[in-house]
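What follows is a single structure, written as structure tokens, with notes after it.
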Amino acid sequence: MKDTSVQTQLQALREQFMTRLQDDCAAMRELLDQIERAEPDSDRQTLVLGELQQRLHRLAGTAGTFGFTELGDQARLAEHRLDARLSQASSGCAELQDVLSTVRQLIADPPLSSSQPASTPAVTSAVSPHSPPFSILLMEPNAELAEDVQRQLAPFGFTVERAPVSAFLTGPDPGSALPALLFVNLDALLAETDGAEPDTSQWAGSSLLVYSASDEFDQRLLAARMGVEGYFTQPLDIPRAIGFLVRVLDSRQEPEPRILLVEDDELLAQHFSKVLQQAGMEVHWEDDPQAIIETVAEFQPDLVLLDLHMPQVAGDEVAAVLRQYEMLTTLPIMYISAETDQQRQAAAMRRGADDFLTKPVSDDTLIMSIMARVERAREMRTLISRDGMTGLLKHSSFLEAGAVELERSRRQGYSCVVVMLDIDHFKRVNDTWGHATGDTVIRAMATLLRQRLRQTDLIGRYGGEEFAALLADCALADAVELLEAVRQRFADIDFNTESGDAFRCTLSIGLTQADPDRKETIGALIDRADQALYDAKRAGRNRRNQR
Ligand SMILES: Nc1nc2c(ncn2[C@@H]2O[C@H](COP(=O)(O)OP(=O)(O)OP(=O)(O)O)[C@@H](O)[C@H]2O)c(=O)[nH]1
């Protein structure tokens, strides 16, 4: 359903554009008069021609966005003709007169009546409708394998239902909620369809993960055409599959994409902001390119959307400055510009950008291009910064992100709590039940932390069975309450082994508060939390201690 208040706001912006157009046309009329009064081929005339070209360029970029496609196209044509005239030293007077009279006609009677209303985004929310706990529907004909997968998923807090493979073709039960994720034996499914590509449309909205005995290209191609998010070969490496599955489900919980928009035209910026916000994104508009570094540090965008032609600093120069910072190497930069010259586009791209969208761009294209980039960048970032087994931040990434968060807490004056957690007598778990079971305990610990802590908290796998967390903007008393619940919940988990035995584990916790007024480093705070953890271990384990 479309959000009518956003539609009304977009319509209001369109009306503002029409009002501004009258002023723009008056300004261009004045420029045309000045050009005619100036000495032909004089510096003065060239200067004013340049100004007129810039105004036409802006009109070409904005008119289409507000639905006035024909006006935008004609402005672009006139801009290109003027550009050609300006890039040659001099050319026929008649040609110039012809362009100028075309512009005069265009602004005297701008083609507004034949316009389409600005397109409205079909995608109204990028946020998944599912909420945790996540449900997984498993379609595996082999009961033993199915039970094994179910058993290994149990400590992660996911609901795992089973269904026959034929249920894939009949679709979800009417009235029942769509599972967050389908985990399907592809070979068994293709046996049901005699090898034909199964129709997945009834499961749209569920993530699809498949496994197969085949690693052939044709089989993988068929899976790609079905839109699967993960493909595993058999025999199934269950811990690896579970790690992937947890990542897919986690990605559904990612915070909304944060888009930094650098655009000097306020009306366009407002239009893009509304369209992206309606699609579930958080948008920060920056009209001063010189403030970009501070804004990036503060807002932490997932993507920068850059206008190319801005009065003070060009978009490609901004991109080049951003790329000077090593930590911003993977930040996606996308231009959105009325520039259609392919050579200029390529030159701008070489300065470190990832994409080029040519204005006018439809709202749907804008949303889909941005979502595709953000999702890909998030996947890459996850691979680089996260531990494959648990999905938590790696040691070095935790320290890096922790330092940034502490800096932010100092600027904004809130306090943070740093926590160290360690599974008790973990060596015994490995020695008694085997390393694979030990891995399951580590994963369960990670999942529990992710479920209990907030999205904004940082959680890292600090060492083998040692975890670190930074709870942002959190009072010590709240942290104590939260971690006490984590400790108790962990002690309640029943771990089942392949041999049918069950066991439980406990956890020791050390925590300390970071005072925003004291400039302590993340390393110093972790040391203090670690000492508190050591005290808890010495005092008998399965307890929490603070310093
Ligand atoms: N299964 C598994 N074990 C790991 C992993 N990383 C580290 N370990 C094991 O974790 C154990 C840690 O043991 P210790 O540091 O001696 O401590 P502990 O047995 O947990 O005892 P306390 O911390 O004193 O309660 C070692 O046996 C490591 O081999 C891992 O990724 N998987």
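Derivation of every value follows stated rules applied to the coordinates shown; laboratory data play no part. Only a predicted model underlies this, so the values are computations on that prediction, with no experimental measurement involved. Note that we place each Cβ from the backbone using ideal geometry, even for glycine, and neighbour counts take in every protein chain shown.
What to note about this one:
- Annotation: average projected area of region 53-109 is 3.6 square nanometres, based on the convex hull of Cα atoms across all directions.
- For the chain, the longest principal axis of the alpha carbon atoms and the long axis of helix 43-65 meet at an angle near 50°.
- Start at zero, step by 5 Å, and the Cα-Cα distances of region 395-546 spread as 2, 10, 20, 22, 19, 13, 8, 4, 2, 1, 0 percent across the bins.
- The chain: equivalent-ellipsoid semi-axes (sqrt of 5 x gyration tensor eigenvalues, Cα, Å): 55, 31, 19
- Using a cutoff of 8 angstrom between alpha carbon atoms and counting only pairs six or more residues apart, the relative contact order for the chain works out to 10 percent.
- Here the Karplus relation 6.51 cos²θ - 1.76 cosθ + 1.60, evaluated at θ = phi - 60°, turns the backbone of region 297-314 into coupling constants of 4, 7, 7, 6, x, 8, 7, 10, 9, 10, 6, 8, 9, 10, x, 7, 10, 6 Hz, with x for every Gly and Pro.
- DSSP bridge pairs, the chain: antiparallel proportion in percent, nearest 5: 35 percent
- Mean separation of Cα contacts under 8 Å, 6 or more apart, over the residue count of region 4-108: relative contact order %: 24 percent
- Working note: Cα atoms of region 190-328, range along each principal axis, descending, whole Å: 63, 32, 26.
- Among ALA514, THR437, ALA536 - extreme Cα towards positive end, dipole of region 395-546, charges at beta-carbon: ALA514
- At 0.692 mPa s and 37 °C, Stokes diffusion of region 135-251 via Kirkwood alpha-carbon radius, µm² per second: 229 µm²/s
- Rough spin-label spacing in nm, given labels placed 7 Å along Cα→Cβ, for GLU317 and ALA539: 6.0 nm
- In degrees, nearest ten, helix 476-492 long axis to first principal axis of the chain (Cα): 50 degrees
- Around ALA143: net Lys/Arg minus Asp/Glu count, Cβ-Cβ under 15 Å: -3
- Evaluated over the Cα positions of region 4-108, the convex hull gives a direction-averaged projected area, one quarter of its surface, of 6.4 nm².
- Ranked packing of 415-426, 138-149, 303-314, most packed first, by mean Cβ within 10 Å: 415-426, 303-314, 138-149
- Radius 14 Å from Cβ of ALA163, net charge of other residues (Lys, Arg +1; Asp, Glu -1): -3
- Using a simple spin-label model with pseudo-atoms 7 Å out from Cα toward Cβ, GLN451 and ARG504 lie 1.6 nm apart.
- Working value for region 258-385: equivalent-ellipsoid semi-axes of 19, 18, 15 Å, each the square root of 5 times a Cα gyration tensor eigenvalue, largest first.
- Relative contact order for region 395-546, counting Cα pairs under 8 Å that sit 6 or more residues apart, in percent: 32 percent
- Stretching the chain fully between LEU112 and ARG37 yields a gain of 24.0 nm (0.36 nm per residue, less the alpha carbon separation).
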